[in-house]
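Comments concern the structure below.
The values are calculated or read from the model by the stated rules, or taken from the named source; none is laboratory data. Just so we're clear, the structure is a prediction, and the values are computed from it rather than from any experiment. Don't worry about glycine lacking a Cβ; one is built from the backbone with ideal geometry, like all the others, and counts go over all protein chains shown. Heads up: the accessible areas ignore ligands, DNA and RNA and are worked out on the full protein's heavy atoms, side chains in. Shrake-Rupley method; radii C 1.70, N 1.55, O 1.52, S 1.80 Å.
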Amino acid sequence: MTNRLTRTSALITLATMGVAWPVLDILGRNAEFFVARGSGRLEIVLLVLAIGFGVAAVAALPGLIPSRAGTAISTAEGVVLATVLGYLLFRRLGLAPGVEETLAVGFGAGAVAAVHRSAAAQSLVRLLAFSPLIVIPYFLLATPSGGIVTDRGVPIASAVEPQRRPPIVFLIFDEFPLASLIDPEGNLRRDRYPNFAALADDGTWFRNAMTVQQQTEHSVPAILTGINPDTSLNPYAGQYPGSLFTALSSAYRMEIQETMTRLCPVTVCERVPDLESRGVEPLIRDVGVIAGHTLLPPWATTRLPLIDRNWGNFGQATEDFNAIEAFNDARRDDPRDTIEQLITDIEENSSARPTFFFAHELLPHNPWQFLPTGQRYLLDSERLPGSASTGWGPNDWLSAQALQRHLLQVQYVDRAVGEIMNAMRESGIYEESLLVVVADHGIALRPNIEHWRKITPETIGEVAAVPLFIKPPADSAAAAQAGQIDDRRAHTTDIAPTVADLLGFALPWTADGVSLFGPDPHRTETTTTGPSSSATFGVGGDEVLAVAARNAAWFPSGDPYELRPPESPDLVGDPISELTPTNDQIRISIDRRQAYEDVDPDGDRVPARITGRVLGLPEGEETLVAVAINGVIEAVVRSYHDRGRSGFQAMVPPDRFRPGDNTVEAMAFDP
């Protein structure tokens with residue numbers, strides 16, 4: 001490169017176009033990243049300035065060195081940056097693996113050579129050195145994420161004066177299919193979910209409820225506005241001017257815990273989202289992960305945390321912890337905290353004004369890590385055995401084990417609902433309150449699924465059908481329906497109009513839904529929409545019953561711990577010493593044996609998920625494995641071969657461990 005000005009300009013141009021802008025582009029198009037972590041305007045602006053100007057400034061430093069060494073360093077850096085830019089360009093062509101990288105290297109070398117030799121190229125890079133002054137305003141003024149900073153959107157809707165003002169407790173659970181609660185006849189499994197059963201007895205269970213939107217960032221606004229949203233909208237108040245939060249803002253004190261949305265304006269809510277993912281260090285880490293996935297080829301990102309399953313703290317669940325570190329790790333990004341905060345808000349509320357308690361709970365959303373007791377077990381990998389990215393492969397046993405972990409977490413959700421109801425009773429507000437419990441969408445947990453949350457005609461019963469329970473205030477006319485099951489086709493857009501009906505006000509906007517305590521609209525079909533697909537289906541509800549029947553084939557009584565391979569005898573409770581191993585060639589290795597040396601069965605963390613390797617088993621073959629604790633068989637599972645590993649995993653009840661040291665054994669055997 002000819003002189004310091006040209007060298008510096010070239011480095012600024014390449015760093016901006018090849019590094020800063022691609023990262024800002026993906027952040028700008030995904031406002032959910034900032035909404036989910038509760039990022040404020042200042043935090044976003046500082047991040048954009050750091051990426052836009054900071055990357056350029058750091059890249060420019062070698063260009064300022066007035067020596068041959070500076071020229072050499074600038075040239076090498078320029079080749080690297082131009083190669084990254086070239087890779088991003090060639091990646092769009094969908095070429096064969098290796099071809100894109102080869103062409104990118106050639107592009108990088110050619111671009112730097114052009115700047116060395118061509119006056120036109122030198123003039124171009126000097127002009128493009130001002131690109132940070134373009135990309136930063138573009139982010140702030142033209143992207144969805146920039147809309148959070150500038151508050152672009154329509155004016156916030158005006159508040160109303162409801163005729164009745166009972167306390168409101170509003171819970172939205174996440175990734176929660178109705179089929180997880182019912183038997184094949186559509187009855188609530190009352191013995192497994194006693195608190196949902198109590199809620200159904202005190203209110204109305206809308207058994208035929210469906211979400212109209214697949215994605216959380218659209219389904220939660222549908223619930224809170226009654227409007228089936230345009231999927232181009234982002235989940236913040238500037239784009240949703242009317243919601244239950246704004247409508248009730250003058251009549252109610254707000255205790256709001258939003259997770260993936262920011263529909264409650266800062267001027268209305270007394271507390272903005274308080275997430276563990278907030279702060280400089282987690283933000284820098286997460287942006288670094290995003291940059292890695294954006295700028296590097298797939299083969300170079302295999303060890304990076306996944307970014308397609310949550311909105312932040314990408315590295316939290318992907319590290320292969322050792323047992324000691326994991327069991328002593330502080331509770332971070334723990335969804336139980338939201339429940340505990342809600343209970344605290346209810347118990348400590350002393351306001352003379354009626355209060356609107358709202359919480360969007362990231363439960364029973366994966367990662368599955370909680371037992372029915374609320375205890376946590378070791379989460380050693382986010383890449384679930386048998387999963388294919390965000391879908392499921394052909395192994396029915398591994399998808400059944402994923403379903404088992406999901407159902408265990410659903411039983412914890414039932415416990416949490418009971419704790420919230422008890423807090424309401426102890427605070428003396430249960431009878432007079434309006435209590436709404438719903439889920440934003442479900443999840444498909446069976447083999448050969450492209451995406452476990454994608455709505456298709458085959459996943460209607462899993463993704464679209466959601467639990468919906470509404471307990472009206474005791475003094476309302478709707479309370480006379482307590483204990484009833486309402487099988488009309490309900491949509492999640494009906495919930496906001498139902499709240500308005502029960503409180504005696506008209507929504508100050510036109511909703512797509514209707515009150516569920518009003519006349520039945522006799523719908524004949526439902527459409528659930530996702531980003532890349534949609535499904536229109538009838539109102540009979542057969543789809544969810546089919547899912548419940550499929551679940552019952554693995555869990556006849558609904559007990560998640562009863563899972564075992566169909567070809568296996570029931571050995572639970574038998575001494576493992578009486579079992580005959582398959583052969584001497586197959587050996588079992590137990591992972592993290594130190595986790596069982598000092599167990600507190602009543603502690604917050606228990607090693608209830610036992611994993612290990614199966615050695616000596618020919619690739620592609622499977623075997624049954626009996627897992628024993630202190631000499632007694634507590635689970636029988638099938639081995640698997642996944643990502644080059646033959647292994648096994650088993651869930652056991654925490655009370656099977658004794659305090660202190662425990663002996664864990666596993667044996668391969670024939671049925």
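Worth a mention:
- Percent of Cα pairs in segment 397-521 per distance bin of 5 Å, from zero to the largest separation: 2, 9, 15, 18, 17, 15, 12, 8, 4, 1, 0.
- Packing rank of 108-115, 506-513, 361-368, 494-501, where each peptide gets the mean count of other beta carbons within 10 Å, highest leading: 494-501, 361-368, 108-115, 506-513
- Column: log10 I(q)/I(0), Debye, Cα scatterers of segment 465-558, q = 0.17, 0.24, 0.25 Å⁻¹: -0.92, -1.30, -1.35
- Normalised per residue, the volume of the convex hull around the Cα set of segment 27-177 (Å³): 209
- Selection from Q585, P601, I629, by position along the positive dipole direction of segment 570-657 (Cβ): Q585
- Percentage of interatomic Cα-Cα distances in segment 95-140 larger than 12 Å: 70
- Mean separation of Cα pairs under 8 Å and 6 or more residues apart, divided by the residue count, gives segment 419-555 a relative contact order of 23 percent.
- Integer Hz, Karplus 6.51/-1.76/1.60 couplings in order for segment 161-171, x for Gly and Pro: 10, x, 5, 10, 10, x, x, 10, 10, 10, 10
- When a 1.4 Å probe is rolled over the protein heavy atoms, the share of accessible surface on the chain that falls to carbon and sulfur comes to 54 percent.
- Phi-based couplings in Hz for segment 492-497 (Karplus 6.51, -1.76, 1.60; Gly and Pro marked x): 5, 6, 7, 6, 4, x
- Placing one equal scatterer on every Cα of the chain and applying the Debye formula, the log10 ratio I(q)/I(0) at q = 0.07, 0.08 Å⁻¹ is -0.54, -0.69.
- Inter-part distance where segment 534-560 and segment 58-115 are each reduced to a Cα centre, Å: 54
- Whole-Hz ³J(HN,Hα) from phi, Karplus 6.51 cos²θ - 1.76 cosθ + 1.60, for segment 253-259, glycine and proline x: 7, 9, 10, 10, 10, 8, 10
- Mean separation of Cα contacts under 8 Å (6+ apart) over length of the chain, as relative contact order %: 17
- For segment 85-174: Kirkwood Rh in Å [reciprocal of mean 1/r, alpha carbons]: 18.9
- With the alpha-carbon atoms of segment 530-585 aligned to their principal axes, the span from lowest to highest coordinate is 55, 28, 16 Å, starting with the largest.
- Averaged over residues, the count of other Cβ atoms within 10 Å places the peptides 519-525, 40-46, 643-649 in the sequence 643-649, 40-46, 519-525, highest first.
- Cα-based shape type of segment 1-95, given that a ≥ b ≥ c are square roots of the gyration tensor eigenvalues and the cut on a/c is 1.5: oblate
- When peptides 163-169, 537-543, 353-359 are sorted by average Cβ neighbour count within 10 Å, with the highest value leading, the order is 353-359, 163-169, 537-543.
- Taking all pairs of distinct alpha-carbon atoms in segment 603-671, Kirkwood radius in angstrom: 12.8
- For S646, nonlocal amide neighbours, meaning residues 5 or more places apart or on other chains whose placed amide H falls under 5 Å from its own, are V614.
- Taking amide hydrogens as placed 1.01 Å from N in the peptide plane, the amide H of A209 sits under 5 Å from those of V466, A490, each at least 5 positions away in sequence or on another chain.
- For segment 39-122, convex hull volume per residue from C-alpha positions, Å³: 140
- Heavy atoms of the protein chains alone define the surface here; on that basis the chain has 40 Å² accessible area per residue at 1.4 Å probe size.
- Over the chain: helical MRE at 222 nm, DSSP H runs n ≥ 4 each giving -39500 (n - 2.57), nearest 500: -10500 deg cm²/dmol
- Convex hull of Cα atoms in segment 526-671, direction-averaged projection (nm²): 12.4
- Assigned charges on the beta-carbon of Lys, Arg, Asp, Glu; the chain dipole about Cα centre (debye): 3020
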